[in-house]
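Just below is one structure, and these are the notes that go with it.
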Amino acid sequence: MMKTRILFTLLFGILLFQMGCTEPYEIETVNYENVLVVESTITDELKPQIVKLSRTSSLEDTSVLIENNATVTVVSNNGDNFSFSQDNDTGFYISNQSFRAQPNTSYTLNIVTQDGKRYTSSSVVLPPVVEMDEVYTERIVDPTDDKDGVQVLVNTEDPTGNSKYFRYEYEETYKITTPNPSRFIANIKNYNPTTGTYDVELIERERELICYSSEISTGITQTTTTELNENRVFHFPVRYLSKLDPKIQTRYSILVKQYVQSVEAYTFYKIVKELGSVGSLLSQGQPGYVAGNIIYEANPDQKVLGFFEASSMTSKRIYFNYGDFGLPKPPYFVDCEVLVLDYNDNTTLDNDPDEREALYYYITLKNYQVIRLAQGTLYTVVQPECGLCTTFSSNVRPDFWED
């Protein structure tokens, strides 16, 4: 059983974490150090695998300091060698070829940083595959926890008892219906700052009625069956959505991923979460350091934060609408402000704003969208999010989407 040491900046006192099947964790007071951060889970999915490398920052600095220009490889005990290249957009290291972790095979992560330092992980093996039995939803009303909405839950069972540690991630996708779709591209031309006059050019375009947005989960969500009478995950919550959440305003889908973990991986991420992580390891400004299964070869006592694991993964996708639970339609993502501005009203003598000036301001500086023109001078405008959903989303329908 791996003994993990946590190095934690303390203002006072000493904390001890005691977990089943693990030894107590020694906690020491340390000053801020520049430490390599490694985060990688290879799975039994045939896909490009990912290794994330960064550096710690001070507790007050929440920026992600990507570790660039490293040489990254994953090798197996059967002779396979997989090279990784850094992606220009994300900074992650992605395998040059798709591969999957195989049963009864051990894998080791090797890293050489741009200054020549070599890091290596303990060898890891793929845990047994456990299929998720069910992903489902329930209406939840809990005044004591200030909850009223929809809970996404998971049921899983491993009758063999070989798998007892599970971690969950999700990808949510939701459909957006534009409340005030604009059919114009508005351009201001011939602006005269002396007179305040200008022309509004309206170009017809197809209205953007529907958009789709996707987001991946953050944080660490895991559970264990070690203290249960049966090896069964039942009614385990992976996502809560308030009845006021605009993501369920039209139609919502969630893809839940279940990872079977080793006890070492489970323990590592549990301690990271208990130390206050709200995101992944790459969410910098960690309140402490958790020594994982990666060492600096020249000096194994040098701190490295992170864990390399192999995990079997299964997933299920479900869809639902707010109406499936008898809920009222949630509000839109923003409060839409629909304004009717008259170009001919260019004074404040009538005790209201200079609407010509306001129209210029909203179109040029606030990107308000023109949704209607009446009588040649009456422009109805609205915030870009309310008239053009592609200002914060995409009008490309995902291949998997079902209505």
Exercise. How many residues does the stretch 110-120 hold that are open to solvent by 10 Å² or more (accessible area, probe 1.4 Å) and part of a strand (DSSP E or B)?
Worked result: 4
Problem set entry | Cross-chain or 6+ apart pairs with Cβ under 6 Å, the stretch 358-371 first and in contact (Cβ under 8 Å) with a residue 12 or more places away in the chain and of a type outside the set (A, V, I, L, M, F, W, C), then surrounded by 21 or more Cβ atoms within 10 Å (Cβ to Cβ) and part of a helix (DSSP H, G or I) | Y368/Y362; Q369/G387
For this session: List the number of the failed condition for Y259; all other conditions in (1) farther than 30 Å from A291 by Cβ; (2) buried (at least 19 other Cβ atoms within 10 Å of the Cβ) hold.
Result: (1)
For this session: Would you point out which residue out of T380, T364 is surrounded by 12 or more Cβ atoms within 10 Å (Cβ to Cβ) and either hydrophobic (A, V, I, L, M, F, W, C) or under 27 Å from T250 (Cβ atoms) (or both)?
Result: T380
Exercise. Scanning for something part of a helix (DSSP H, G or I), without any contact (Cβ under 8 Å) to a residue 60 or more places away in the chain and within 38 Å of the chain's Cα centre (by Cα), does the stretch 335-354 turn up at least one residue?
Worked result: no
For this session: Of the conditions (1) open to solvent by less than 30 Å² (accessible area, probe 1.4 Å); (2) at pLDDT 95 or above; (3) of a type in the set (A, V, I, L, M), V304 clears all except one; give me its number.
Result: (2)
For this session: Residues being open to solvent by less than 20 Å² (accessible area, probe 1.4 Å), in a loop (DSSP other than H, G, I, E, B) and over 17 Å from T120 (Cβ atoms): count how many of those fall in the stretch 54-103.
Result: 4
Seminar exercise, completed: Across (1) modelled with pLDDT under 95; (2) surrounded by 13 or more Cβ atoms within 10 Å (Cβ to Cβ), N162 clears everything bar (2)
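The values are calculated or read from the model by the stated rules, or taken from the named source; none is laboratory data. None of the values given here were measured: they were computed from a predicted structure. Positions of Cβ are generated from backbone atoms using ideal geometry, with glycine treated the same way; all protein chains shown enter the neighbour counts. Only protein heavy atoms, including side chains, enter the accessible area calculation; ligands, DNA and RNA are left aside. Shrake-Rupley method; radii C 1.70, N 1.55, O 1.52, S 1.80 Å.
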